[in-house]
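The next block holds one structure in the form of structure tokens; read it before the comments.
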Amino acid sequence: MQMLSYCLSVVQGPQLAKTINSMLRSAESLPELAGIVDDWGRSFDPIHTATAFYMSGSLAQREPAAAKPLLDKLVRIWDQLLPATGPQALANALWACGKLQHTDAAFWSNTVAEFMQRLQQRDDVTAQNVSNVVHALATIGVVNKNAVPGLSRPVLVEIATDLCRQMQVFATHPAADAVNTQDISNTLWGCAKLRVNPGTAALNSLLQAMTRERVIGDAAVQAVSNTLWAVSELQQECGWHPQLQQRAWQRLLGEQQLVRIAKTDKTQGVSNVLVALARLSVPAAPTAAAAAPAPAPAPSISQ
């Protein structure tokens with residue numbers, strides 16, 4: 001490591017930045033990542049720091065507490081770089097700290113505020129950025145009594161609502177290919193976990209986008225099972241009554257979809273679908289008898 005540090009010390013400018021980022025992404029363990037942060041943290045830019053957050057989240061998912069010393073160091077670096085940080089880096093840092101259950105109130109309030117400012121400025125924010133932030137808020141809320149550190153409940157509801165409505169804009173845009181089922185599923189799941197109802201129009205738009213034929217056909221089973229659970233949770237806990245055509249319900253709840261989930265999803269996903277099926281109020285499909293025209297009345301016979 002010392003020889004590598006010496007070699008890198010003579011590299012300057014863009015090449016140094018690129019090399020540091022490559023080292024961070026190549027780290028195979030939390031100690032290795034921490035060593036890179038110790039050696040090169042003073043040279044970090046916002047992308048390096050966000051990458052270090054992201055890699056921490058990936059390497060320490062099974063043992064979040066082990067990442068706390070490293071996260072504390074990264075937060076101190078982050079505070080200095082925050083005003084110059086772009087939306088993807090902000091979203092990645094929030095995602096990682098949600099995964100790692102990092103409850104630093106100043107980090108959450110400041111980073112979320114910066115992301116919302118980028119959203120208002122339309123600063124190259126993508127659907128994936130938005131869904132990652134909603135997911136991060138919900139993930140930290142799960143381990144923090146349904147609260148996000150540094151955000152009051154009214155502020156959290158307002159932020160989650162704004163994010164969901166922005167996702168509605170992405171999902172209903174003519175170029176809706178920018179939104180995938182994972183983005184929609186994460187957003188619905190996040191609202192359900194936070195128990196935030198952003199409004200019937202936004203939720204219906206997201207569910208309709210999810211069930212478009214060309215979209216649902218490419219959906220991962222986990223995205224479908226999470227969506228079903230989220231819809232049932234929002235219906236039961238937040239008073240949302242989904243408005244969806246019968247054909248769209250069939251794409252989401254049809255036999256082919258349920259068999260696919262049963263065969264390929266994890267146990268938790270199958271359990272989520274069973275819960276959803278028990279809860280959901282779905283309009284019944286018309287029967288053949290109901291769909292058939294009524295028979296003509298028998299002609300009267302004069303006596």
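Assorted remarks:
Table: residues versus (1) of a type in the set (A, V, I, L, M, F, W, C); (2) in contact with a His (Cβ under 6 Å, 6 or more places away or on another chain); (3) part of a loop (DSSP other than H, G, I, E, B); (4) open to solvent by 30 Å² or more (accessible area, probe 1.4 Å).
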site: LEU234; (1), (2), (3), (4): yes, no, no, no
site: GLN243; (1), (2), (3), (4): no, no, yes, yes
site: ARG247; (1), (2), (3), (4): no, no, no, yes
site: LEU252; (1), (2), (3), (4): yes, no, no, no
site: GLN256; (1), (2), (3), (4): no, no, no, yes
site: VAL259; (1), (2), (3), (4): yes, no, no, yes
site: GLN268; (1), (2), (3), (4): no, no, no, yes
site: ASN272; (1), (2), (3), (4): no, no, no, no
site: SER281; (1), (2), (3), (4): no, no, yes, yes
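- Hits in segment 96-106 - residues which are surrounded by fewer than 23 Cβ atoms within 10 Å (Cβ to Cβ) and in a helix (DSSP H, G or I): LYS99, ALA105, ALA106
- Any hit, segment 117-129, residues being open to solvent by 30 Å² or more (accessible area, probe 1.4 Å) and aliphatic (A, V, I, L, M): no
- Count - residues of segment 97-135 that are among the hydrophobic types (A, V, I, L, M, F, W, C), farther than 17 Å from LYS73 by Cα and modelled with pLDDT of 95 or more: 7
- Qualifying residue in segment 161-176 (condition: at pLDDT below 90, hydroxyl-bearing (Ser, Thr, Tyr) and outside any loop (DSSP other than H, G, I, E, B)): yes
- Matching entry among ASN144, ASN180, ASN110 (being more than 16 Å from the chain's Cα centre (by Cα), open to solvent by 10 Å² or more (accessible area, probe 1.4 Å) and farther than 21 Å from THR49 by Cβ): ASN144
- Tally of residues being assigned to a loop (DSSP other than H, G, I, E, B) and either hydroxyl-bearing (Ser, Thr, Tyr) or touching a helix residue (DSSP H, G or I) at 6+ places or on another chain (Cβ under 9 Å) (or both) across segment 119-142: 4
- Selection within segment 182-215 - aliphatic (A, V, I, L, M) and either at positive phi or outside any helix (DSSP H, G or I) (or both): VAL196
- Scanning segment 71-88 for residues that are under 19 Å from ARG122 (Cβ atoms), in a helix (DSSP H, G or I) and more than 15 Å from the chain's Cα centre (by Cα) gives PRO83, ALA84.
- Residue match in segment 89-96 (condition: at pLDDT 95 or above and of a type outside the set (A, V, I, L, M)): no
- Lone qualifier among ARG62, ARG25, ARG76, ARG42 - being within 22 Å of VAL143 (Cα to Cα) and surrounded by fewer than 18 Cβ atoms within 10 Å (Cβ to Cβ): ARG62
- Test set (1) surrounded by fewer than 24 Cβ atoms within 10 Å (Cβ to Cβ); (2) among the hydrophobic types (A, V, I, L, M, F, W, C); (3) not in a helix (DSSP H, G or I) - VAL155 fails condition number: (3)
The values are calculated or read from the model by the stated rules, or taken from the named source; none is laboratory data. The model shown is predicted, which means the values in this text are computed figures rather than measured ones. Here Cβ is always computed from backbone atoms with ideal geometry, including for glycine, and neighbour counts include all displayed protein chains. Accessible surface areas use protein heavy atoms only, side chains included; no ligands, DNA or RNA. Shrake-Rupley method; radii C 1.70, N 1.55, O 1.52, S 1.80 Å.
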